[in-house]
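The values are calculated or read from the model by the stated rules, or taken from the named source; none is laboratory data. What you see is a predicted model, and the numbers here were worked out from it, not measured in a lab. Here Cβ is always computed from backbone atoms with ideal geometry, including for glycine, and neighbour counts include all displayed protein chains.
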Amino acid sequence: MATTRILEGLGRFYIVLLLAFLYLPIILMAAMSFNASPFYQLPFEWTTDWYASLWQNDQLIAATWNSIEIAIITTLISTVLGSMASLALYRHEFRGKKFLQALLFPPIAIPWLITGTAMLIFFFGVGIGRGLIAILLGHVALALPYVIVVVSARLQTFAPELEEAARSLGANQWQVTMRVTLPWIMPGVIAGGLFAFAVSFDQFVVSYFLSTPGQTTLPVEIYAAIRKGFTPEINAVSTIIIVVSMALMLLTARFFKFGGEK
Amino acid sequence: MAHQLAIGSRRGLRPALPLLLPAYLWLTVAIFLPLSAMAFFSFMTDLPLAGKEWSFTLGNYAAFFSQSVYSTLLIASLRLGLEVTLWCVVIGYPAAYVLAKVLKGRSREAIFLLVILPFWSNGLVRIFSWAMVLREGGILDTALNAVLPFKINIDLMYSYPAVIIGLVHSYVPYMVLTCYLTLQAIDDSLIEAGRSLGASRRQVLWRVIIPLSMPGLIAGAALIFVPVVGSFMEPRILGGRTGTFYGTVIEDQFVAVFNWPLGAALSFILLAVVLIILALAAPVLRRAA
């Protein structure tokens, strides 16, 4: 019993170390956005100048909005389409099902560098060209398999007898789906949606190859800025994004239990 | 009754189509057609756009085999992927275990959220924020020299370890997430049963917990290995001059040199290698699962 307690204590301590590793650079980045030195020099001198100058940077603000819009649209489309496909794959037996499931693999398995450059060539060839539409097309395709995998994993824990029972009690297909199946797989749907948002919002590689000047996302804009020389302005915009997304995430967590809790 | 029977019958592709078609059409337009176009393109001498002259050639692939620089860089990228994946397992798996089996209730939820949250921050900025930690005169350097009685110079910036640290930091949440999902699905009574039948902690870990959580480990490893092999932004920023990998060469073909056909051929060779490795791993993983 005593050993158990010591091991559990060590485990907790380990989690603290991991969190330190994950957050140290992020906290540092946030701190530097309030530091007066443009070269990140210490001693620390408080300022909010970098945030003020952010509002003058129209390019960065436009790119931020593009990123948010694309992430939201990607989440909506891929969560709906992905959950539908998961249900179909779960419920129906047909020839070629294994093949369809295998087809989900390439978008995950192929490095984004390859997918991104392939999209660039294809979209260029068919006349869609580069820009926000191309980026959205790409992001949804990248997010879809993640949603299907996560929702399907959740469906594996679902007892098909529940659907049978509901049906034998007179519920039609729509009612069965909406009132029996969907509530059960909701944690998976939410987790899939969060995945989709993260895939899109964090996506740099595919956006990078598909963007044009004026039609970019935040990561692409930041990459360009880094190559010109990193400025505390970038720290400032990143800090805002992190605070907003954390608030969003915590809000989501208030309403749904996700992470596969039974 | 007839209506119910029709719904109840779940054979054949037709009833599944309306639910399946939207997702798969999207994947076709945005993934499969582009990949086919790229395959086609890798055998061309020039862009077939804007009325340029072009013909079919094997020259782009010949370039890979005749110049050892490409294969050397490919091996370096594969090694990078392997090292980062191993570090993510070593760091992420114990954390997932503690999350799933030690922490309970609210603190588990809160910490799970904290581990996943960095996903939502920008990957690029996370990579660059390490520059501030790692560079000479950066935070790590200053902090260590304040504590240690002797003077040391920490200048990891623009080195191979810097690239590893940045990539592990970026991808370890994947491993924690996938392992956590499989670990928390393991019934505690299985572990208790093993213990009460006389198995040591270590035996329970190796014979019960790890085999049962194998799907999560594998999924996490695949989610990490693949993007790392194709990474180019992280080595560019943290590796500096030592950060030339296979991915950065492909990027150059598309954004700097504008030799798209060569880029397409190099991409396809990378694709083949990744698929071979995943295919080799698949049976092992299936048996493990």
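Of the helices (runs of 4 or more DSSP H) lying entirely inside the range B:175-289, those carrying at least 2 residues that are under 30 Å from B:THR57 (Cβ atoms) are B:210-229, B:246-255, B:260-288.
Would you call A:SER78 farther than 22 Å from B:PRO173 by Cβ, touching a helix residue (DSSP H, G or I) at 6+ places or on another chain (Cβ under 8 Å) and either away from chain B (no Cβ under 12 Å) or modelled with pLDDT of 85 or more (or both)? Spelling it out, it is not the case that A:SER78 is farther than 22 Å from B:PRO173 by Cβ, touching a helix residue (DSSP H, G or I) at 6+ places or on another chain (Cβ under 8 Å) and either away from chain B (no Cβ under 12 Å) or modelled with pLDDT of 85 or more (or both). Can you name the residue in the range B:183-203 that is more than 9 Å from every other protein chain (Cβ to nearest Cβ) and under 18 Å from B:ILE218 (Cα atoms) and is also surrounded by the fewest Cβ atoms within 10 Å (Cβ to Cβ) among such residues? Ranking the candidates gives B:ILE186 first. When you scan the range A:96-108, do you find a residue that is out of contact with any helix residue (DSSP H, G or I) (no Cβ under 8 Å at 6 or more places or on another chain) and at pLDDT 85 or above, even just one? The answer is yes; a qualifying residue exists.
Which of the following residues is in contact with a strand residue (DSSP E or B) (Cβ under 9 Å, 6 or more places away or on another chain) and modelled with pLDDT of 85 or more: A:PHE13, A:PHE21, A:PHE34, A:PHE44? Exactly one residue qualifies, and that residue is A:PHE34.
A quick yes/no check of all residues on (1) closer than 30 Å to A:GLY131 by Cβ; (2) part of a helix (DSSP H, G or I); (3) away from every other protein chain (no Cβ under 11 Å):
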| residue | (1), (2), (3) |
| --- | --- |
| A:TYR14 | no, yes, no |
| A:LEU18 | no, yes, no |
| A:LEU24 | no, yes, no |
| A:LEU42 | no, no, no |
| A:TYR51 | yes, yes, yes |
| A:LEU60 | yes, yes, yes |
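Filtering the range B:253-283 to residues that are in contact (Cβ under 8 Å) with a residue 60 or more places away in the chain and of a type in the set (Gly, Ala, Ser) leaves B:ALA264, B:ALA265, B:SER267, B:ALA281. Number of residues in the range A:126-152 that are part of a helix (DSSP H, G or I) and either in contact (Cβ under 8 Å) with a residue 40 or more places away in the chain or in contact with an Asp or Glu (Cβ under 6 Å, 6 or more places away or on another chain) (or both): the value is 18.
Residue-by-condition table, conditions (1) more than 9 Å from chain A (Cβ to nearest Cβ); (2) modelled with pLDDT of 90 or more; (3) in a helix (DSSP H, G or I); (4) over 28 Å from the mean Cα position of the chain (by Cα):
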residue	(1), (2), (3), (4)
B:PRO22	no, yes, yes, no
B:LEU27	no, yes, yes, no
B:PHE32	no, yes, yes, no
B:SER36	no, yes, yes, no
B:TYR61	yes, no, yes, no
B:THR72	yes, yes, yes, no
B:CYS88	yes, yes, yes, no
B:TYR93	yes, yes, yes, no
B:LEU99	no, yes, yes, no
